[in-house]
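Trainee: Sharing a structure below in structure tokens format, with a few things to ask.
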Amino acid sequence: MRLRRRRATELAAVGSGQSRVYRGERLAPALMLAPSVVILLALVIGPFVFLIDTALHRQNLFQTTPPRYVGADNFYYLFISTKFQVALVRMLVFAVTALAAEFVLGFVLAAWVHRLRDLPGMAIVRTLLTTPILVAPIVAAVMWRFMYQPDFGVINYILGLVGIPKPGWLSDPDIALFAIIAIDVWQWTPFVFLIVLAGMYAIPRSLYEAAKLDGTSPWRQITHLTIPWFKRVLVIVLLLRLIDLLRAFEVIVATTQGGPGDASYTLPVLVWETAFVNFQMGDAAAASLVLLVIVTIVITLLIRAISRQGVVGQGRR
Amino acid sequence: MSEIVGVTLQGVSKTYAGGNVAALNTIDLEIRAGAFFSILGPSGCGKTTLLRIIAGFEYPSAGRVFIGERDVTALSPRERDIAMVFQDYALYPHMTAAQNMTFNLRNRRVPKAEIARRLAETASILGIEPLLHKRPALLSGGERQRVALGRAMIRKPQIFLMDEPLSNLDLKLREQMRIELSRLHQALGVTVVFVTHDQAEAMTLSSELAVLRGGTLQQMGPPDRVYARPANIFVARFIGSPSMNLLRASVRGGRLVMESEGTALPVPADARLQEGEALLIGVRPHDLKVGRKGEGGLAVKVALTEHLGRHNFVVCHPVGGTACLHEQDAIQFETEASVRYPVGTELELSAAPDALRLFTPSGERRDEAP
């Protein structure tokens with residue numbers, strides 16, 4: 001809109017004799033951009049507008065009544081429902097716990113592999129440690145469901161050998177969410193590990209040697225050298241993981257489908273259940289918009305907090 | 001200030017790849033307390049490995065390392081009380097110059113007042129007070145160099161190790177830092193072990209130097225002595241610029257006769273030579289003088305003149321065949337800037353007998369050291 005107005009004033013300012021050439025020059029970039037704009041419209045903006053529109057209507061796919069405009073009703077009922085509040089809490093617990101575990105583990109593993117990098121066979125260790133990323137998330141979830149199986153699963157089999165009581169991993173409401181977190185940690189810690197390790201390899205060896213001469217303890221080497229060195233990389237990994245964790249879905253649906261009870265009932269599960277189990281499209285659209293807004297807010301806050309420290313987007317200084 | 005001590009290496013060897021690749025062969029070195037000691041050699045000669053063994057970053061495959069009286073062979077770097085200036089300075093990029101310099105003291109929980117006092121003292125010696133709040137990325141090469149030096153100095157270590165610290169600086173700055181380093185060494189009186197491939201650097205800075213080649217110690221001594229009496233033709237060619245001329249000759253009738261026919265030089269007085277003995281003659285470019293024709297000097301033909309302002313270097317080829325040992329068969333000598341020889345001029349060069357250095361055909365020093 002603003003662009004068009006500016007163009008109009010510019011065109012008016014240009015003498016009429018030159019306007020032809022000028023218009024051609026102006027048109028070329030627009031034409032070249034057109035295909036991507038069309039794709040963007042069709043795949044992102046279109047569906048997004050449709051989503052907002054759906055969120056403002058009451059619509060059940062199993063009923064023949066046409067969608068009815070209800071204004072913000074869908075949002076209102078969503079916010080006052082206990083399900084939504086539970087889902088919100090579960091989602092945050094899931095994301096924060098998994099994120100913390102993945103970071104601590106990934107970092108410790110990377111520091112360990114980096115420290116022992118000169119030993120023979122470390123290349124194999126490195127490869128082995130990264131293989132979980134290669135497994136499709138749905139496959140990982142199903143595989144773990146079998147391992148978690150209380151009666152013939154391998155985990156309880158091992159616990160039985162040692163004589164430890166066998167919990168129902170996915171059927172005990174106190175444990176289920178954390179059992180799922182363990183799957184995510186298993187699969188995505190290698191991602192953190194890999195990027196942190198790459199960051200460690202990028203640090204010049206002489207820097208660590210200088211630190212050794214300076215009498216720096218291994219712990220201070222990590223806190224005063226390694227972490228500051230690739231803070232920026234860490235921030236990017238943090239963001240990527242957080243986005244992923246907030247919308248984690250397949251791993252939950254393939255194991256507990258949000259249960260037992262509401263033990264692992266997160267917001268993405270709520271959206272899925274509302275839309276594709278109950279076919280309440282209006283409510284589901286409202287919930288997914290809320291999810292989108294939450295993710296956006298979290299990410300924005302995080303980026304802003306970090307850029308205030310001069311880590312993102314401000315050069316090396 | 002810690003007591004000033006020297007470094008002693010006893011039979012230090014280093015092998016890699018399970019003993020298949022030898023980086024250092026049985027090095028014995030005695031670095032006196034307070035010396036500015038240079039380890040000099042071409043790249044890949046093992047000089048950095050040697051320094052890293054002194055620092056404790058690498059352990060010798062055989063032999064012992066002493067700092068002062070203390071056997072440090074098995075000690076880690078931080079237990080050795082040494083400081084090092086790295087080739088790339090290795091400044092911590094996220095810390096300011098002041099934080100870089102005081103990191104060690106902070107690690108060791110030195111009281112804050114003491115840290116501040118030492119920082120001010122060191123910064124004033126190096127003249128870097130205005131830089132203290134800046135991060136390395138904002139400093140120029142020379143400034144980083146000073147901060148790196150400051151980081152080493154502030155700890156008052158027993159030994160300073162420097163790994164080609166000037167090689168990343170441009171020529172002007174390098175000369176300036178050379179003077180600075182000399183001044184600092186004199187002011188602090190500490191022991192410095194300095195690794196370089198630049199013979200001029202080693203010559204100007206050191207009180208003593210060691211020449212290394214292929215992991216083997218070639219010669220050790222004060223620079224002027226190594227320059228005047230190189231132990232073998234490698235040292236002779238490596239030290240001094242342009243390099244020493246090396247010529248094949250044999251003793252005939254009390255004169256050194258070149259392999260190229262008809263040219264000869266007088267024999268040094270104190271050399272006990274046998275008739276017919278084959279030799280290599282080394283003579284520095286500035287010791288060669290243009291003699292009169294027909295006096296029986298070294299016959300050469302001018303190929304090229306390099307003008308260097310105050311003097312020229314003339315590159316010539318021996319007349320009548322190969323006499324030189326080294327590449328391109330060229331003999332160089334020095335003249336005053338006003339003297340010019342057109343290309344193709346035939347000259348006869350002579351040298352004072354005591355300016356000649358004699359080596360055996362295998363390249364070892366022939367004349368006994370007086």
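The values are calculated or read from the model by the stated rules, or taken from the named source; none is laboratory data. None of the values given here were measured: they were computed from a predicted structure. Backbone-built Cβ (ideal geometry, glycine too); neighbour counts: all protein chains shown. Remember, those area values only see protein heavy atoms, side chains included, never the ligands or the DNA or RNA. Shrake-Rupley method; radii C 1.70, N 1.55, O 1.52, S 1.80 Å.
Trainee: Select from the stretch B:67-97 all residues whose loss of accessible area on going from the chain by itself to the full protein assembly reaches 40 Å² or more (probe 1.4 Å).
Mentor: Those residues are B:Arg78, B:Phe86, B:Tyr92, B:Pro93, B:His94.
Trainee: Specify whether the C-alpha gyration tensor of the stretch B:45-132 places it in the rounded, prolate or oblate class, a ≥ b ≥ c being the square roots of the eigenvalues: rounded for a/c under 1.5, otherwise prolate if a/b is larger than b/c and oblate if not. Walk me through the numbers before you get to the answer.
Mentor: Values: a/c = 2.62, a/b = 1.85, b/c = 1.42.
Judged from the Cα gyration tensor, the stretch B:45-132 comes out prolate (a/c at least 1.5, a/b above b/c).
Trainee: What does the buried accessible surface come to for B and A, summed over both chains, with the probe at 1.4 Å? Round to 100 Å².
Mentor: 1900
Trainee: Name the helices (complete DSSP H segments) of chain A with a Cα length along the long axis of 20 Å or more and a Kyte-Doolittle mean of at least 1.6, or state none.
Mentor: For chain A, where a helix must reach 20 Å along its axis and average at least 1.6, the hits are A:176-202, A:231-246, A:281-308.
Trainee: Moving on to the next point. Take B:Ala187 and B:Ala352, extend 7 Å from each Cα along the Cα→Cβ direction, and tell me the distance between the two endpoints in nm.
Mentor: Roughly 3.9 nm, to one decimal.
Trainee: How much length, in nm to one decimal, is gained on full extension between A:Leu302 and A:Met147, taken as 0.36 nm per residue of separation minus their Cα-Cα distance?
Mentor: My answer for the length gained is 52.2 nm.
Trainee: Debye calculation, C-alpha points only, no solvent: report log10 I(q)/I(0) for chain A at q = 0.06 Å⁻¹, in the same order as the q values.
Mentor: Listed by q, the Debye log ratios stand at -0.34.
Trainee: Counting other Cβ atoms within 10 Å, which trypsin sites (Lys or Arg not before Pro) in the stretch B:107-192 have at most 14 and lie in a DSSP loop?
Mentor: Loop-located and lightly packed - B:Arg108, B:Arg109.
Trainee: Based on alpha-carbon positions alone, could you give the equivalent ellipsoid semi-axes of the protein assembly as shown from the gyration tensor, as √(5λ), descending, whole Å?
Mentor: 74, 35, 25
Trainee: Using r as the Cβ-Cβ distance of B:Asn168 and A:Asn60, and R0 as 51 Å, what FRET efficiency do you calculate, to the nearest 0.05?
Mentor: 0.10
Trainee: Hey, any idea what the orientation-averaged projected area of the convex hull of the stretch A:96-229's Cα atoms comes to, in nm²?
Mentor: For the Cα atoms of the stretch A:96-229, the hull's average projected area reads 10.5 nm².
Trainee: Counting just the Cα atoms, what span does chain B cover along each of its three principal axes? Round to the nearest Å and put the largest first.
Mentor: 79, 46, 36
Trainee: Tell me, what is the per residue accessible area of the protein assembly as shown in Å², probe radius 1.4 Å?
Mentor: That works out to 50 Å² for each residue.
Trainee: Shifting gears a bit: Working out 0.36 nm times the residue gap between B:Tyr16 and B:Ser43, then minus their Cα-Cα distance, what length gain in nm do you get to one decimal?
Mentor: 8.0 nm
Trainee: Using Cα pairs under 8 angstrom and six or more residues apart, how large is the relative contact order of chain B, in percent?
Mentor: 16
Trainee: Then there's this: Tell me the angle of helix B:141-153 to the major Cα principal axis of chain B, expressed in degrees between 0 and 90 and rounded to the nearest ten.
Mentor: 60
Trainee: If Lys and Arg each add +1 and Asp and Glu each add -1, what is the summed charge of the other residues whose beta carbon sits under 10 Å from the beta carbon of A:Pro218?
Mentor: Within the 10 Å Cβ shell, the charges total +3.
Trainee: Can you tell me the FRET efficiency between A:Ile45 and A:Glu25 if r is taken as the Cβ-Cβ distance and R0 is 25 Å, rounded to the nearest 0.05?
Mentor: Calculated transfer efficiency: 0.35.
Trainee: How far is helix B:171-188 tilted off the main Cα axis of chain B, in degrees rounded to 10, range 0 to 90?
Mentor: So the helix axis and the longest Cα principal axis differ by about 60 degrees.
Trainee: Additional query: Which length gain, in nm to one decimal place, applies between A:Asp172 and A:Asp53 when the Cα-Cα distance is subtracted from 0.36 nm times their residue separation?
Mentor: Numbers: separation 119, 0.36 × 119 = 42.84 nm, distance 3.96 nm.
Separation in residues times 0.36 nm, less the Cα-Cα distance, equals 38.9 nm.
Trainee: Then there's this: Rounded to the nearest 20 Debye, what is the dipole magnitude of the protein assembly as shown about its Cα centre when Lys and Arg each give +1 and Asp and Glu each give -1 at the C-beta?
Mentor: The dipole of the protein assembly as shown has a size of about 2220 debye.
Trainee: So what's the net charge close to A:Phe276: Lys and Arg +1, Asp and Glu -1, counting the other residues with Cβ under 14 Å from its Cβ?
Mentor: -3
Trainee: Heads up, I need the accessible area for A:Trp188: 1.4 angstrom probe, whole protein in place, Å², nearest 10.
Mentor: Its heavy atoms expose roughly 50 Å² to the probe.
Trainee: If I take every Cα pair under 8 Å that is 6 or more residues apart in the stretch A:77-308, average their sequence separation and divide by the length, what percent do I get for the relative contact order?
Mentor: This gives 30 percent for the stretch A:77-308.
Trainee: May I ask you to give the percent of accessible area on chain A that is carbon plus sulfur, with a probe radius of 1.4 Å?
Mentor: Exposed carbon and sulfur together represent 69 percent of the surface.
Trainee: On to the next question. What percentage of the solvent-accessible surface of chain B, computed with a 1.4 Å probe over protein heavy atoms, is contributed by carbon and sulfur atoms?
Mentor: For chain B, the apolar C and S fraction of the accessible surface comes to 50 percent.
Trainee: Below 8 Å between Cα atoms, with a sequence gap of 6+, how large is the relative contact order for the stretch B:105-158 in percent?
Mentor: Relative contact order of the stretch B:105-158: 38 percent.
Trainee: Here's another thing I want to ask about it. On a 0 to 90 degree scale, rounded to 10, what angle separates helix B:112-126 from the longest Cα axis of chain B?
Mentor: 20
Trainee: If R0 is 35 Å, what FRET efficiency do you get for A:Ile124 and A:Ile158 from their C-beta distance, rounded to 0.05?
Mentor: So the FRET efficiency works out to roughly 0.90.
Trainee: Continuing with this model, one more query. Determine the residues within the stretch A:218-259 where the difference in accessible area between the chain on its own and the full set of protein chains amounts to at least 20 Å²; count protein heavy atoms only and use a 1.4 Å probe.
Mentor: Residues meeting the cut-off: A:Arg220, A:His224, A:Leu225, A:Pro228, A:Trp229.
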